[in-house]
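Novice: Mind having a look at this structure? Questions to follow.
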Amino acid sequence: MNKSARHDYFIEEVFEAGLVLTGTEIKSLRLGKVSLGESYAKFAGAELFIVGMNIKPYEQGNRFNVDPLRPRKLLLHRKELRKLYQETKREGLTIVPLCVYLNDRGLAKMEIALARGKKLYDKRDTIAARDATRRMQQTKLK
């Protein structure tokens, strides 16, 4: 889960993408050894890759382990790829990962979002609104 993504960006639209992983990477993902903190998505030709996602090497993987920071391909429909490519060419939009999970069939999936960066005053407004709702909830409970 990338908690800082919703804090640093306005989320415009969310997509679900498949993730191409090796055998030892999927085992590490099942153990929860994934970090999305500094990751982002970028296009290489007509394909979309996630860069900077850290999947810790599987302990029993020995020589089958791969580079933990290697770019990993995201699987989307061609129509979705085209839309994301066109939207990122607009000023100020980027593709950020929100979370990685295994679906009910055991396939690795990633939620990615088309997002616009927040300014510092937007972040302060978000924090103030969150604190106000938290205070209201606490007073209702008393």
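Throughout, read-outs are computed from the coordinates displayed, never taken from laboratory work. Please read all numbers here as calculations on a predicted model, not as lab measurements. Please note: Cβ atoms are built from the backbone with ideal geometry, for glycine as well, and neighbour counts cover all protein chains shown.
Novice: Given the options Ala41, Leu81, Leu98, identify the residue whose Cα lies farthest towards the positive end of the charge dipole of region 3-141 (+1 on Cβ of Lys, Arg; -1 on Cβ of Asp, Glu).
Specialist: Selected residue: Leu98.
Novice: Can you give the extra length, in nm with one decimal, that the chain gains between Glu16 and Ile127 once fully stretched, where that is 0.36 nm per residue apart less the Cα-Cα distance?
Specialist: Result: 37.2 nm gained on full extension.
Novice: Once you have the Cα-Cα distance between Arg63 and Arg82, take 0.36 nm times their residue separation minus that, and quote the gain in nm to one decimal.
Specialist: Length gained, Arg63 through Arg82: 3.1 nm.
Novice: Which of the three applies to region 76-131, rounded, prolate or oblate, going by the alpha-carbon gyration tensor with a ≥ b ≥ c and a/c under 1.5 meaning rounded?
Specialist: oblate
Novice: What trypsin sites (Lys or Arg not before Pro) does region 48-97 have in DSSP loop regions with at most 11 other beta carbons within 10 Å?
Specialist: For trypsin sites (Lys or Arg not before Pro) across region 48-97 that sit outside H, G, I, E and B with at most 11 neighbouring Cβ atoms in 10 Å, the list reads Arg90.
Novice: A follow-up question, please. Rounded to whole Å and sorted largest first, list the principal axis extents of the Cα atoms in the chain.
Specialist: 55, 40, 27
Novice: For Lys56, which aspartates and glutamates qualify as cross-link partners when the Cα separation must be under 19 Å and same-chain residues fewer than eight apart are set aside?
Specialist: Output for Lys56: Glu25, Glu38, Asp67.
Novice: Could you tell me which GluC sites (Glu not before Pro) in region 43-114 are loop residues by DSSP with no more than 10 other beta carbons within 10 angstrom of their beta carbon?
Specialist: When the GluC sites (Glu not before Pro) of region 43-114 are filtered for loop state and at most 10 Cβ neighbours within 10 Å, Glu91 remain.
Novice: Would you list Ile50, Ile127 from fewest to most Cβ contacts within 10 Å?
Specialist: Ile127, Ile50
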